[in-house]
Amino acid sequence: MPDKKQDLIDQQLQDLNNDGVDRRGFLKCMAWAGTGLVWTMSGGIPVSRAFAKGYGKDAGKGGDFSFVQISDSHIGFNKPANPDVTATLQTAINKINALPHKPDFIIHTGDLSQLSKPSEFDTLDQALKGASAKQIYFVPGEHDMLSDNGEQYLQRYGKGTKGTGWYSFDHKGVHFVGLVNVANLKAGGMGSLGHEQLEWLEGDLKGRSASTPIVLFAHIPLWTIYPEWGWGTDDSEQALSYVKRFGSVTVLNGHIHQIMQKVEGKVSFHTAMSTAFPQPAPGKAPSAGPMKVPADQLQGVLGITDVNYVVSGRSLAVVDSPLADSGSSASGNGAGPGAS
Amino acid sequence: MTRRNVWVAGFAMPVMIMLLLLAGSSSVTAADQPPAANAEVKIDNFSFGPQTVTVPVGATVTWTNHDDIPHTVVSTDGVFKSKVRDTDETFSYTFTKAGTYPYYCTIHPKMTGKVVVQ
C-alpha cells in the first residue's frame, strides 16, 4: 500500500485515539473493496493497520484464535457477472486453506444458494468439505428460504436452532449469536428479526458478563446502509440495545456484496464481500442487481473475511482479503481512505 | 377518472371493442380508452412497472422478471402468490373480483405494486 494511504490511515487512527470514535473518519473508510485492512477492537477503541503489514501472522498463539467469514456464495447463479460461482467459492476455500493460521471455524452469512434448490445446497456442501476448518456455522439469506419457508435450509443447516434458524454458541470466551433477518419480510420493509427472536436474544445475553466479547452475525446488515435498496434491518435498533452494555461487540453481515464498516461506541459493524459477484455501491446504479466487472477484475471484488481474536485486551481484528492476490487488488480497485 | 367518464367508458366499451375488432387498429385516444383486458407488468431493476395497473374484472395480469435476480409476486392480503420467478420467468393471475390488490416481492420487500380491478 502506498505510503500516502498509510499516512491517511495513521492520521485517522490518531483522531480515533484522541476522541474515541471519529464517525467522519470511519465513513471515509467505507467502501473499501478488496484492499485489506485490519480492524482491532481493544477495550472499545478501534485500532487499525494496513493488511499489507500482516497482522494475522502472529494470531493463533496462546489462547488466541481466528475464524473466517464467507458470504453470498449464490450457488446456482450463472449470469454474466460470474458464470461460475462454484469456481470462485472454491478459490475462496483455497484462500482459507492457505491462511498462515488455521481458522477454528467458518461462518457463512447466508445466500448459500441462488434458488434454494437441493442441487445448489449439494454443490455448496461438496465444496465446503474441502475447507481446512470442518466446523461451519450458517445463517440463511433470503435466497435460501425461497420455496419452502426455509424448511430445507433448517433441515440441512439449522439443526438444533430456534425459530427460523437463530442460535448462539461460545468459543474460547467469545459469545457468538447467529440471527435470522430474512424470514417473514413485510411489504415495503427491510430485513426483520421479529418479536420472538428479539425476545430470545434478550434472554440469551442476559446474565453474561459485560466483559464477554460478543459477535453478532446475520445476513442483512444490522445497521441501515441504504433503505432505498432495503439494506438494513427494521428492528435492529432493539437488538443492538441488548448489546450496548458489552465492552466489545462485533457485527458481521453479508447481503450487500461489498465491504462497509462503521463503529458506534463499542459496536463495530462490518459487511463482507461475496464469493460470487459484486454489487454496486449504494445508489450508484439503477438497482442493487449484480455488478458486471471485467473478468480479470472479478477476483479483486470477491473475497473472504478473516477475524482474529486476541486474548490480551479481548480484541477482535477483522481482515478482508480479496480472492485475487492482495497486491493486485490493492492497486486494481483504487479504493482507499477518502474514496468513499 | 371522473364518475361521468367511468359511466361513459362502461357504456361505450362494447361498441369500442367491436370497432377495434373491425378496424384492427387502435384509433381511440387515451382518455377514452377502457382498461385493457389483460395487462403486463415488467420486473426490471428491482421494481414493478407500471407500479399500478388498472384492469377490468376478469382480466389476467402477467408479470415477467427481466432481472438477473429471482423475485416473487405475492399479494399483501394473501389473494395470490407466485413461486420464485427467475430470469425471464412469468407469473399470471386472473382477477375475478373488483378491488385493489397490493402486492410485493417477498425476497425484496421494498418492491411493491398494486393491481386495481374495476
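Every read-out reported here was derived from the displayed coordinates using simple, explicitly stated rules and does not represent laboratory data. Values in this document were obtained by computation on a predicted structure and should not be read as measured data. Here the Cβ is made from the backbone with ideal geometry for all residues, glycine too, and neighbour counts use every protein chain on show.
Assess whether residue A:221 counts as being within 29 Å of residue A:289 (Cα to Cα) and touching a helix residue (DSSP H, G or I) at 6+ places or on another chain (Cβ under 9 Å).
Yes; evaluated as a whole, the condition is true for this residue.
Any idea how many residues of the stretch B:81-115 are more than 14 Å from chain A (Cβ to nearest Cβ) and either within 25 Å of residue A:226 (Cα to Cα) or among the polar types (S, T, N, Q) (or both)?
Of the residues in the stretch B:81-115, 4 are more than 14 Å from chain A (Cβ to nearest Cβ) and either within 25 Å of residue A:226 (Cα to Cα) or among the polar types (S, T, N, Q) (or both).
Counting just the residues of the stretch A:162-193 that are out of contact with any helix residue (DSSP H, G or I) (no Cβ under 7 Å at 6 or more places or on another chain) and polar (S, T, N, Q), which one comes out nearest to residue A:248 (Cα to Cα)?
The residue in question is A:181.
Scan (1) touching a helix residue (DSSP H, G or I) at 6+ places or on another chain (Cβ under 9 Å); (2) surrounded by fewer than 24 Cβ atoms within 10 Å (Cβ to Cβ); (3) within 14 Å of chain B (Cβ to nearest Cβ) for the single condition residue A:80 breaks and write down its number.
Only one criterion in (1) touching a helix residue (DSSP H, G or I) at 6+ places or on another chain (Cβ under 9 Å); (2) surrounded by fewer than 24 Cβ atoms within 10 Å (Cβ to Cβ); (3) within 14 Å of chain B (Cβ to nearest Cβ) is unmet by residue A:80, namely (1).
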